[in-house]
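Here is the structure we will look at.
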Amino acid sequence: RFFANVDKWAEPKIDTDLLTYKVVMPRSEDEARSYINKMRDPIAIDIETHTKHTNFKPMEFGARILCASFSDGVTSIAFPIDHPQAQTTWGLRLLLETAECRRWVAHSAGFELAWILYAARQMDLPWDYEPSMGFEDTQALARLYHQRASILSLDDLSRIHCGISIKDLTQVDVGNLINYPIEDVLQYCGLDTMPCARIYRKLIPHVDKDNYRSLIRATRATTEMMLRGLDRKSVV
């Protein structure tokens with residue numbers, strides 16, 4: 001089947017701009033907001049986190065959000081939140097406010113959703129089960145579009161749909177970001193959101209909307225179960 005069809009395929013499109021793209025790193029809340037206000041929905045969101053263990057759960061002791069990034073596929077910004085080299089008083093608030101007031105997309109969105117909801121509830125923000133404008137998930141889209149349950153990482157999908165291996169553009173150890181210079185961490189974070197936004201806009205017209213919404217509801221439900229855990233009495 002491959003050899004029968006390969007010559008009929010269109011010339012692959014390679015997003016060569018990603019090879020030299022520099023993530024914008026706002027120095028103030030006002031500067032960050034000025035970029036966000038110009039972005040079209042859904043805004044791609046990515047966070048980089050640190051925990052003492054490898055399961056990266058927000059309720060772990062000492063868990064922290066190092067930085068966050070937003071992108072609309074054209075412009076990508078990244079700013080520190082709680083990195084040892086750079087803490088901001090406004091970064092977490094801006095992340096939570098944007099996630100609540102704007103529709104957003106992430107790759108494997110349950111991860112971002114868990115951290116965002118946990119942080120919001122720790123700050124006693126009046127959130128229920130999900131951000132009011134909803135969220136999207138490029139991994140769920142790719143699962144339906146490619147009709148498979150594997151080869152769905154952001155790096156794999158950026159190779160397929162952008163022609164660029166996004167993870168090869170930065171040389172950082174994702175499990176040790178807390179010890180990297182903040183500029184390297186922000187560049188890594190920002191480069192994740194750029195292809196995420198582009199992949200979403202490319203795939204969303206081509207999947208069954210009912211099946212996709214079912215996956216989104218499942219992500220929301222399993223994330224809520226993880227955050228709530230089990231009541232001690234029920235465990236006993």
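Does D184 qualify as being closer than 13 Å to V23 by Cβ, in a helix (DSSP H, G or I) and open to solvent by 30 Å² or more (accessible area, probe 1.4 Å)?
On the way: closer than 13 Å to V23 by Cβ: yes; in a helix (DSSP H, G or I): yes; open to solvent by 30 Å² or more (accessible area, probe 1.4 Å): yes.
Yes.
When only residues in the range 120-167 that are at pLDDT below 90 and of a type in the set (D, E) count, which is nearest to P12 (Cα to Cα)?
For the range 120-167, the residue satisfying everything is E130.
For the range 50-91, what are the residues that are of a type in the set (S, T, N, Q) and either at pLDDT below 95 or open to solvent by 20 Å² or more (accessible area, probe 1.4 Å) (or both)?
T51, T54, N55, T75, Q85, Q87, T88, T89
Can you name every residue in the range 189-218 that is among the hydroxyl-bearing types (S, T, Y) and out of contact with any Phe, Trp or Tyr (no Cβ under 8 Å at 6 or more places or on another chain)?
Passing the criteria: Y200, Y212, S214.
Answer yes if at least one residue in the range 155-171 is open to solvent by 10 Å² or more (accessible area, probe 1.4 Å), aliphatic (A, V, I, L, M) and on the phi > 0 side of the Ramachandran plot, and no otherwise.
no
Starting from the range 97-125, keep only residues that are touching a residue at least 12 places away in the same chain (Cβ under 8 Å) and crowded, with 21+ Cβ neighbours inside 10 Å, then list their pairs with residues that are of a type in the set (S, T, N, Q) and part of a strand (DSSP E or B) whose Cβ atoms are within a distance under 7 Å, requiring at least 6 positions of separation or different chains.
From residues that are touching a residue at least 12 places away in the same chain (Cβ under 8 Å) and crowded, with 21+ Cβ neighbours inside 10 Å, the pairs are W115/T49.
The values are calculated or read from the model by the stated rules, or taken from the named source; none is laboratory data. All of these numbers come straight from a predicted model, not from anything done at the bench. Reconstructed Cβ throughout: ideal geometry from the backbone, glycine too, with neighbour counts over all protein chains shown. Only protein heavy atoms, including side chains, enter the accessible area calculation; ligands, DNA and RNA are left aside. Shrake-Rupley method; radii C 1.70, N 1.55, O 1.52, S 1.80 Å.
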